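Report on the following structure.
The values are calculated or read from the model by the stated rules, or taken from the named source; none is laboratory data. Values in this document were obtained by computation on a predicted structure and should not be read as measured data. Cβ atoms come from the backbone with ideal geometry, glycine included; neighbour counts cover every protein chain shown. Just so you know, the surface numbers come from the protein's heavy atoms only, side chains and all, with ligands and any DNA or RNA stripped out. Shrake-Rupley method; radii C 1.70, N 1.55, O 1.52, S 1.80 Å.
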Amino acid sequence: MKRPNFFILGAPKCGTTSLDAYLKSHPRIFTAVKEPHYFNTDDNYRLTADLPAYESLFADATDAHLAVGEASVRYLHSRDAVDNILRYNADAKFIVMARNPVAMAHAWHGQLVFNGEEDETDFAAAWALQDARQGGESIPRGCIDVSALLYGEFCCVGKQLARVYERVAAARVQVVLFDDFAADPGRVYRAVLRFLDAPDDHQPPGGFAVHNPAKVRRHFLRHARHALQPLARLKTALGIRRPFGISKRIEKYEGKSQPRAPLSPDFQRALAEHFADDVRQLESLLGRDLSHWRAPA
């Protein structure tokens, strides 16, 4: 078995699903089923609980694959994941995808609602619940890990990237900004291929379509998804991972793309102020002006 030598750490809602899909299509790259979440031992969202189960995800990787990897978007938030990965493969490379945290937090809330992990559908109201939830109150029945609901902390990518750089040489970290990826996915994709030492003359057969866009659940199936959450938590605790189970079938048929409702100007200003210092930290780490992220849209 070939061990993975690169990891897409996150962050969520920053284009990780699209990049993973593009890389899967490359004949010299192997990526496992997305989101195994094995190395984040400090939270409850471990979807693959033991090493044999994890390594079985790479059983089809061959010597033809120059790069072997996986994408688990909660690794970046985890304090343990990078250290665990380095103990597993000291030479691993890391890809980190970042986004304006105001947009990221809004999108992450929508994803959690879609997943059945968040029961407050209004983002402003969910944001206001963070202190209560940190204290163990108002936790949705479908929530697997409470830290995901603490949007103001979970979406501080600057602080999380700083932790990566404390442990990994910058030459082994590729940072992709969502703005760049959305504007020219082909250019970013080729840069990632060069980072992985894979031929950069390949283009995904389906082009650079967007994967995992904003979507909502049809109301009559949302209840079925919530009803399955206790089973999902039990499967997680037992280390059972079946990507094509009932909940995935429901997801296939109930999801429909839909833009998120816009945020009020006052709420946007409050979010921008909350994340301003983290954006400054990211600017310093990347040597790039992101001042437009610190101003409300």
- [ ] Pop the C-beta distance of Glu137 and Asp277 into the FRET formula with R0 = 25 Å and round what comes out to the nearest 0.05.
- [x] 0.40
Open item on the list: Need the full-extension length gain, Ala209 to Asn84, defined as separation in residues times 0.36 nm minus the C-alpha distance. One decimal, nm.
Closed with: 41.7 nm
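Against the 2.2 N^0.38 Å scaling, with N counting residues, where does the stretch 29-172 land? I'd like the Cα-based Rg ratio to two decimal places. Display every interim value, and only then the final one.
Working: Rg = 16.5 Å, N = 144, 2.2 N^0.38 = 14.5 Å.
That ratio works out to 1.14.
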- [ ] Return the sequence-ordered ³J(HN,Hα) values of the stretch 97-107 in whole Hz as given by the Karplus equation 6.51 cos²θ - 1.76 cosθ + 1.60 applied to θ = phi - 60°, using x for Gly and Pro.
- [x] 10, 10, 8, 3, x, 5, 5, 5, 4, 4, 5
Open item on the list: Using 0.36 nm times the number of residues separating Ala182 and Ala53, minus their current alpha carbon distance, what extension gain do you get?
Closed with: 43.0 nm
Open item on the list: Quick one: the Cα spread of the stretch 147-190 along its three principal axes, in angstroms, biggest first?
Closed with: 33, 26, 12
Task: Amide H contacts of Thr31 (H built 1.01 Å from N, under 5 Å, at least 5 apart or other chain) - done: Gly69
Task: Inter-probe distance in nm under a simple model that places probes 7 Å from Cα toward Cβ, at Tyr165 and Ala191 - done: 1.6
Task: At 0.692 mPa s and 37 °C, Stokes diffusion of the stretch 1-70 via Kirkwood alpha-carbon radius, µm² per second - done: 260
- [ ] Hey, can you find the accessible area per residue of the stretch 10-166 for me, probe 1.4 Å, expressed in square angstrom?
- [x] 34
- [ ] Please find the FRET efficiency linking Lys24 to Phe267, where r is the Cβ-Cβ separation and R0 is fixed at 45 Å, and quote it to the nearest 0.05.
- [x] 0.75
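For the stretch 92-161, what relative contact order do you get, as a whole percent, if you take Cα pairs closer than 8 Å and at least 6 residues apart?
Reported relative contact order: 34 percent.
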- [ ] With θ set to phi - 60°, apply the Karplus curve 6.51 cos²θ - 1.76 cosθ + 1.60 along the stretch 287-293 and write out the HN-Hα couplings as whole Hz, x wherever there is a Gly or Pro.
- [x] x, 9, 7, 10, 4, 5, 6
Task: Protein accessible area in the stretch 17-146, 1.4 Å probe - carbon and sulfur % - done: 47
